[in-house]
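Note sheet for the following structure.
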Amino acid sequence: MRSLESPIGTRSLPFLTSFSNVFEYMQVMAGIADVDGRCIFNNRQYLTFTGQLSELGWAALLHPDDRDVRLSTYLTAHEART
């Protein structure tokens, strides 16, 4: 199973700057994944709710017994772009 940890964390990218500004003011949890399915941004609401550091993605929250099935489902949907 490939890693969903982003090699770039939440570092600002040119396209990400405008999106992250919008996402920071949304009253919902939001995140952005790169083309490989790795998390590259989580907004403040997500980080506050989960108590996570910004470098960690949602997969870090999964229970070890559920991780393989959930990641497989996510990656299959991501590759199908559904």
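So who's got an amide H within less than 5 Å of the one on ALA33, skipping anything under 5 residues away but keeping other chains? H placed 1.01 Å off N, in plane.
Amide H neighbours of ALA33: ILE40.
At q = 0.22, 0.27 Å⁻¹, what is the log10 ratio I(q)/I(0) for segment 14-80, with the Debye formula run over Cα points and no solvent?
Listed by q, the Debye log ratios stand at -1.02, -1.23.
Contact order normalised by length for segment 14-80, with contacts defined as Cα pairs under 8 Å and 6 or more residues apart; what percent is it? Each step should come with its number before you reach the end.
Values: 47 pairs, mean separation 14.3, N = 67.
Relative contact order, segment 14-80: 21 percent.
Only the coordinates and a few stated rules stand behind these numbers; no lab work does. Remember, it's a predicted structure, so these values are computed and weren't measured experimentally.
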